[in-house]
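As structure tokens, the structure follows; a few thoughts come after it.
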Amino acid sequence: MISSSFGTKVGKEQAITEWLTLQHSNSIDDYLDTLINLVWRTGYPEEVAKDKLVRGLNKEVGLAWAQTPNKPDKLDEQMAMLRDIGHNLESFHFCQKDTPTGFNRQKDHNNQNHKNKSAQSQNREKAGKKRKREENKGWKERC
């Protein structure tokens, strides 16, 4: 019984130390999963957990959260909303890594389509002129 209570005390102290150093860096999932685990291990009430939830966010997600209207009151609903916000931002950053110029990817795609259409139009135009020359040549020979 003594070792059991000692183990629990050490476990809780370790959880409190992790709680104090917990900060969101890259993955919103890692941050929220760790926070949930630490809330359970420390036994902190919901109000303390809500405070840590917001104070531990990185600058970008924290700003997005600050700009979000109609935040839910319950901790689990706030976490679900933050998870969605975080996933959207992570997806945005992932897409930005695909191209060096970011938003220009769609513009480049449109320009390539335009170039392809222009080349196709020019080819059709050339084919049409060639056909007309051949038709005209046939008429001249007949006359």
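All of the numbers you see were taken from the coordinates with simple rules; none came from a lab. Note that the coordinates shown come from a computational prediction; the quantities given were computed from them, not determined experimentally. Cβ sites come from the backbone with ideal geometry, for glycine too, and all protein chains shown count toward neighbours.
The table that follows gives values for the structure above.
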{"item": "Positions within the range 53-74 being assigned to a helix (DSSP H, G or I) and buried (at least 18 other Cβ atoms within 10 Å of the Cβ), in sequence order", "result": "Leu53, Val61"}
{"item": "Residue, farthest from Gly62 (Cα to Cα), within the range 21-46, restricted to residues that are assigned to a helix (DSSP H, G or I) and among the hydroxyl-bearing types (Ser, Thr, Tyr)", "result": "Thr42"}
